[in-house]
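**Q** Just dropping this structure here.
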Amino acid sequence: MTPFLNFTLITASINHLLAPEPWAQRMLAAHAGKAACIDGGAIRLTWQVNHDGFLQAPPSDAAAQVTIRFKLSDLPLIVQNREHAFSYVKIDGDADFANTISQVSQDLRWDAENDLSKLVDDIAAVRIVAGGNALVAGVQATYKKLTENLAEYFLEEQPMLVRPQAVADFTNDVIRLRDDLERLSKRINKLKAP
């Protein structure tokens, strides 16, 4: 485990997400005693499922029944699209346990309003979460518009990129020119022949 990760804090955070979800606890409890290793190369974390369906640190001699490997460079894609997260990983070990982990990770959601309502009143919690969601949506919209504008600039105004259709058209024109040149060459050779 890397020094900048706090295993206890990460475990507590995951268990906090599991606490209000009895369905997820039941699914994981069916695999009580099994350990899963999340291996990102530089980051390697292993948890064991306890009899209540929560995660805990495994004994030091415990072997993982499932190892989920991923590239750290794919982590933003995994976080961005949880439904397709398992397409970026390689799984070794107990397929049933891995399937349970996949289902729980896809359907587990953080109820930010509930957690905030313990610090502030319910109305403020709803407004804070709505404001946060609006901020995230605004950042995503700005990012999309920026990338579209940059693509248009580099395609149209300052051509550094080429559209795929333009490349295909150019390739077809070169092939047609080559064929025409070969036919012309054959005609010239026929005219030269006695």
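**Q** How many lysine pairs in the chain, separated by 8 or more positions in sequence or lying on different chains, have Cα atoms less than 28 Å apart? It would help to have the intermediate numbers written out before the result.
**A** On the way: LYS34/LYS71; LYS34/LYS90; LYS71/LYS90; LYS71/LYS144.
Lysine pairs meeting both conditions in the chain amount to 4.
**Q** Let me ask something additional. Can you tell me the orientation of helix 7-18 relative to the chain, as the angle in degrees between its alpha-carbon axis and the longest Cα principal axis, to the nearest 10?
**A** Here the helix axis deviates by roughly 90 degrees.
**Q** First check a/c for the stretch 112-192, with a ≥ b ≥ c the square roots of the eigenvalues of its C-alpha gyration tensor; if it is under 1.5, answer rounded, and if not, answer prolate when a/b is larger than b/c or oblate otherwise. Before the final figure, lay out each step's value.
**A** Values: a/c = 11.97, a/b = 5.46, b/c = 2.19.
Verdict is prolate for the stretch 112-192.
**Q** Under 15 Å from the Cβ of ALA137, count the other residues' Cβ atoms, weight Lys and Arg +1, Asp and Glu -1, and hand me the total.
**A** Values: positive: LYS144, LYS145; negative: none.
Overall, the nearby charge balance is +2.
**Q** So what is the calculated 222 nm ellipticity per residue for the chain, using -39500 (n - 2.57) for each DSSP H run with n of 4 or more, over all residues, to the nearest 500 deg cm²/dmol?
**A** -17500 deg cm²/dmol
**Q** With a ≥ b ≥ c taken as the square roots of the eigenvalues of the C-alpha gyration tensor of the stretch 1-108, please select rounded if a/c is under 1.5 and otherwise prolate if a/b is larger than b/c or oblate if it is not?
**A** Details: a/c = 1.34, a/b = 1.16, b/c = 1.15.
Rounded, because the longest to shortest axis ratio a/c is under 1.5.
**Q** Roughly how many debye, to the nearest 20, is the charge dipole of the chain about its Cα centre, given +1 on each Lys and Arg Cβ, -1 on each Asp and Glu Cβ, and no other charges? Kindly include the intermediate steps, with their values, before the conclusion.
**A** Values: 20 positive and 24 negative charges, 246 e Å.
Result for the chain is approximately 1180 debye, rounded to the nearest 20.
**Q** If you don't mind, another one. To the nearest whole percent, what portion of all C-alpha pairs in the chain is separated by more than 31 angstrom? It would help to have the intermediate numbers written out before the result.
**A** Working: 8951 of 18721 pairs.
Taking all Cα-Cα pairs of the chain, the fraction more than 31 Å apart is 48 percent.
**Q** Oh, and also: On a 0 to 90° scale, report how tilted helix 95-107 is relative to the longest principal axis of the chain, with both axes built from alpha carbons and the result rounded to the nearest 10.
**A** Roughly 90 degrees, rounded to the nearest 10.
**Q** Between GLY53, ALA24, ILE68, whose Cα lies farthest towards the positive end of the dipole of the stretch 1-71 when Lys and Arg beta carbons carry +1 and Asp and Glu beta carbons carry -1, centred on the Cα centre?
**A** About the Cα centre, the residue reaching furthest to the positive side is ILE68.
**Q** Starting from the Cα gyration tensor of the stretch 6-52, take the square roots of the eigenvalues, sort them a ≥ b ≥ c, and report rounded, prolate or oblate (rounded when a/c is under 1.5, otherwise prolate if a/b is larger than b/c, else oblate). Could you put the intermediate results ahead of the total?
**A** Values: a/c = 2.51, a/b = 1.49, b/c = 1.68.
Oblate shape, in that a/c is at least 1.5 and b/c is the bigger or equal ratio.
**Q** Tell me which trypsin sites (Lys or Arg not before Pro) from the stretch 17-77 have a DSSP coil assignment and no more than 14 other beta carbons within 10 Å of their own.
**A** Values: sites: ARG26, LYS34, ARG44, ARG69, LYS71; in loops: LYS34, LYS71.
Hits after loop and neighbour filter: LYS71.
**Q** Return one number: the angle in degrees, 0 to 90 and rounded to the nearest 10, between the long axis of the Cα atoms of helix 164-192 and the longest principal axis of the Cα atoms of the chain.
**A** It works out to around 20 degrees.
**Q** Could you list the trypsin sites (Lys or Arg not before Pro) in the stretch 97-194 that lie in coil according to DSSP, counting only those with at most 10 other Cβ atoms within 10 Å of their Cβ? All intermediate terms of the calculation are to be shown ahead of the outcome.
**A** Working: sites: ARG109, LYS118, ARG127, LYS144, LYS145, ARG176, ARG178, ARG183, LYS186, ARG187, LYS190, LYS192; in loops: ARG109, LYS118.
In loop regions of the stretch 97-194 (DSSP not H, G, I, E or B), the sparsely surrounded trypsin sites (Lys or Arg not before Pro) are ARG109, LYS118.
**Q** Which whole-number percent is the relative contact order of the chain (Cα, under 8 Å, 6+ apart)? Walk me through the numbers on the way to the answer.
**A** Working: 173 pairs, mean separation 25.1, N = 194.
About 13 percent, as a whole number.
Rule-based calculations on the coordinates, nothing more; no lab input. Just so you know, these numbers come straight off a predicted model, no measurement behind them. Neighbour counts are summed over all protein chains in view; Cβ atoms, including those assigned to glycine, are modelled from backbone coordinates with ideal geometry.
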